Amino acid sequence: MRFNYLIILYLFVFQSAFSQIKIDDCHTNSKDTIKIISFDPIFFVLGTLSDYEGRFQYVDREKQIDRYYSYEKPLVNYLAKYIKTELKIEVDTLIEKSKNSEMFSIELSKTLNGFYGEKDELLNNKFETKKQIYSFLAGVYCRYGDKLDSSIYKIQLANSQKPQKCYEFLKQYGCKKIFYDYLRNIPVQYILYFEPTDELKRYLDSIEYERVILKKSFYNQTLEMMKEHMTKEDLDIFLQKDKDTEIEKVKKVFER
């Protein structure tokens, strides 16, 4: 059993922590809600980008939008359709032997690259409106977020500048309860826990259906990888216990 737990702990370091996920737990009206909340599509896609060790560390600057792990196939499919619908751009998707994916568009990559400075940093002067910022936060949350309970939201990334940028935006637009934490691991994990304002919550919840499907994919892939070492029941117990501990920790910080 110790071996099993070490594997799970590794997964928690490598990727955003995931909790027990059921598609049925997602709000049934999320598909309707997204019709009401109109994202700025460029800023939403910008929020979904991985910037592990920098925007251009692992992508082709000239034509690539991003790279995606194999479990992120639902996100790749969603983004391809979203970009076609909202931006009228057809993207090319390459599936590697590892089943990881790469997404390409010269036109869109050029636009997205314009949000980064010479040192690979996101430029503050590119974010001008609340809608742009909320759309960006929704994009980050879609790929790297979690909802611990009805009020506590979470964003977690490794070796990334995005959590700091998200922290600044949350403070700017009135989020009162924010806990910025990090894990001294390799790679370093940056974690933001927060209670969104009612307006921001509508943006985040409007993408909840897609976020849950993505996390479900990660969960299923983990189950497959762990099937010879841990039962589904053991995995669920481990995850639920970790989630309960995490919620308790955050609530104590918020109560200070």
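The residues of the range 185-207 that are surrounded by fewer than 21 Cβ atoms within 10 Å (Cβ to Cβ), under 17 Å from LYS154 (Cα atoms) and not hydrophobic (A, V, I, L, M, F, W, C), listed by number, are GLU195, THR197, ASP198, GLU199, LYS201, ARG202.
Filtered by the rule that a residue be aliphatic (A, V, I, L, M), part of a loop (DSSP other than H, G, I, E, B) and at pLDDT 95 or above, the range 56-98 gives ILE89, VAL91. Within the range 200-213, being of a type outside the set (D, E, K, R) and in a helix (DSSP H, G or I) holds for LEU200, TYR203, LEU204, TYR209, VAL212, ILE213. Each residue in the range 214-233 was checked for being surrounded by fewer than 18 Cβ atoms within 10 Å (Cβ to Cβ), in a helix (DSSP H, G or I) and touching a helix residue (DSSP H, G or I) at 6+ places or on another chain (Cβ under 7 Å), and 4 of them qualify. Within the range 138-183, the only residue that satisfies the criterion of being without any contact (Cβ under 8 Å) to a residue 40 or more places away in the chain, in contact with a Ser or Thr (Cβ under 8 Å, 6 or more places away or on another chain) and surrounded by fewer than 17 Cβ atoms within 10 Å (Cβ to Cβ) is GLY174. Could we say that ASP236 is within 29 Å of TYR78 (Cα to Cα) and either buried (at least 20 other Cβ atoms within 10 Å of the Cβ) or at pLDDT below 95 (or both) here? Yes; evaluated as a whole, the condition is true for this residue.
All conditions in (1) farther than 24 Å from ILE213 by Cβ; (2) among the hydroxyl-bearing types (Ser, Thr, Tyr); (3) at pLDDT below 95 hold for SER109, with the sole exception of (3).
For LEU157, the test of being at pLDDT 95 or above, within 18 Å of LEU49 (Cα to Cα) and touching a helix residue (DSSP H, G or I) at 6+ places or on another chain (Cβ under 7 Å) is failed.
The values are calculated or read from the model by the stated rules, or taken from the named source; none is laboratory data. Note that the structure is predicted; figures quoted are calculated from it, not measured. Every residue, glycine among them, receives a Cβ derived from its backbone with ideal geometry; neighbour counts consider all protein chains shown.
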